Structures are given as C-alpha cells and as structure tokens.
Amino acid sequence: MNHATRTPLLVTAERSATQDDMVQDLERHYLLMVDYLRGVPEFTEMSLPDQEQLAQRRFLPFYWLKLTQYTWKTKCAGICLANGSFYPGSLEHQPCPDVTRLVSRFDTLLPIYSWLRLDEKEMALLTFIILFHDGVPDLSAGGRVKARAVGQLFLKVLHYHMRRKDGPVDYDKLAIRMSRIMLFVNDLTCMTHFSFSNMQVHEIMHVINWKKAVDGRLAWIHG
C-alpha cells in the first residue's frame, strides 16, 4: 500500500519520469482535486457515495487540465508532471512504451490552451467548471441537481469576469472565447483513457480509499 501526502508541486520538468514518479503524481493530484472539491459547500453536502462517484469521474479531466497547464508553462518535450519530472515524448526515453499514443493525443490540447491564455482567476474558475461539468453518471437525483447548479454558477462567474476584465466588451469576441473554453472542457472530458503501458487510471480509481483521501491520508490498494 502506498501513501501520498500534500507535497509541494514542483513544475520544472528537469528529469525524465520513472514509473514511481507517475504513480506519485497521480496520487498527489487526487489529493489536490479533493482540496478543490471540499472547498465547495454543495459538494460536502452530497452523500458520501455521490462525492466518491463525482471525484472518480472528474479526476481525469481535472488531471489533464493541470498537466496541460504545466506542459505549456515549461515547454518540455513531453508531458510535465508536478514532481520535477516529465514523461518524455521520445519513445526511447519513456519509462514504459506509449502504446496508446498518449503524448500525441495530449499535444492536441496545447494549441487551444495557448490560444485561450487564461489568467489565474479564469484557470481557477475553469478547474471548478470541469469538476462540476454536467453529465456525471450514477449520481443520485439530489447529487445531479447540486453538481449542475455548481457548474452553472462557475460558468456565470467566468462569463462575468471575462466581461469585466478588459474594458469595453466586444460581445462577438467574448462569445468566441467562451465557446472555445467549452470546447476545451469537452476535449478534456473526452480524454477518459489515460494510460501508461498497462496502468489504467480509470481502473485504479475504483480501489482508492476515499475516506483516507478526504482526510489527506490517501491509500491506493494494489492487488
């Protein structure tokens, strides 16, 4: 059993990642996502099964967003993780073969992220929009209502912020930018099969000890 803690995020891409680096980065970002979620009162009001279901379903889009942000910042030749390492784009330097063409699929996210040039507030709001994006299956009726309401609220706040930040509003440009942001959200949501060799994150998510993750003592059960 491995344990993860809230270690500092180190976005430097100074060395090639090992398999241990990749697992540690997944664990660390799951805790980071928990911190985001627990800052929303409507989430903490959900039942524990709804909380766990939403977290498991929204982790991958959340993780892709963060990796896109890091990779764009460092301009590394691959995918930047938050522990000082990066997953190389070149096959000969990869800790495990990129049989699912992970890097090439990831590269499609970078141009639109670069075009958006999100400021810090927009990035924070987009993170919550992704976490509460509509369409999480298997939530209770009450959980769906809460998740939809939170997602819509953050969308409205983002729209308001974009209207206010650059002086006189060009509504055509605003509409184009909002539409591209939502396309980006959909792209992140569609990338549900994050794979390094035979390590399938969507399968690993089912064995996370949710209560320990919430308490900051994340446990991944292998076996």
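Before moving on, here are some points about what is shown:
- Residues of the range 121-136 satisfying the condition of being over 21 Å from L67 (Cα atoms) and in contact with a helix residue (DSSP H, G or I) (Cβ under 7 Å, 6 or more places away or on another chain): D134, V136
- Where a residue in the range 10-38 is more than 18 Å from L125 (Cα to Cα) and acidic (D, E) and its partner, wherever it lies, is at pLDDT below 85 and surrounded by 19 or more Cβ atoms within 10 Å (Cβ to Cβ), with Cβ under 7 Å and at least six apart: E27/A4; E27/L218; E27/W220
- Selected residue (criterion: modelled with the lowest pLDDT) from residues of the range 21-33 that are under 10 Å from the mean Cα position of the chain (by Cα) and not aliphatic (A, V, I, L, M): Y30
- Test for R117: is it basic (K, R) and surrounded by 13 or more Cβ atoms within 10 Å (Cβ to Cβ): no
- The lone criterion from (1) aliphatic (A, V, I, L, M); (2) out of contact with any Gly (no Cβ under 6 Å at 6 or more places or on another chain); (3) surrounded by 20 or more Cβ atoms within 10 Å (Cβ to Cβ) left unmet by L48 is number (3).
Here is a yes/no grid of residues against (1) small (G, A, S); (2) modelled with pLDDT of 95 or more; (3) farther than 17 Å from V185 by Cβ:
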position: D35; (1), (2), (3): no, no, yes
position: S47; (1), (2), (3): yes, no, yes
position: K66; (1), (2), (3): no, yes, no
position: I79; (1), (2), (3): no, no, yes
position: Y87; (1), (2), (3): no, no, yes
position: Q94; (1), (2), (3): no, no, yes
position: V103; (1), (2), (3): no, no, yes
position: L110; (1), (2), (3): no, no, no
position: M123; (1), (2), (3): no, yes, no
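- Qualifying residue in the range 68-88 (condition: touching a Phe, Trp or Tyr at 6+ places or on another chain (Cβ under 7 Å) and part of a helix (DSSP H, G or I)): yes
- Considering (1) loosely packed, with under 14 Cβ neighbours inside 10 Å; (2) at pLDDT 95 or above, the lone condition that F132 does not fulfil carries the number (1).
- Checklist (1) part of a strand (DSSP E or B); (2) of a type outside the set (K, R); (3) surrounded by fewer than 21 Cβ atoms within 10 Å (Cβ to Cβ) applied to A13, failing item: (3)
- Y87 vs. criteria within 18 Å of the chain's Cα centre (by Cα), buried (at least 20 other Cβ atoms within 10 Å of the Cβ) and within 30 Å of A149 (Cβ to Cβ): no
- Residue count, the range 177-213 (criterion: of a type outside the set (D, E), under 19 Å from I130 (Cα atoms) and either part of a helix (DSSP H, G or I) or at pLDDT 55 or above (or both)): 18
The values are calculated or read from the model by the stated rules, or taken from the named source; none is laboratory data. Predicted model, so just to flag it, every value in this text is computed and none were measured. With ideal geometry, Cβ positions are generated from the backbone for all residues, glycine too; neighbour counts draw on all protein chains shown.
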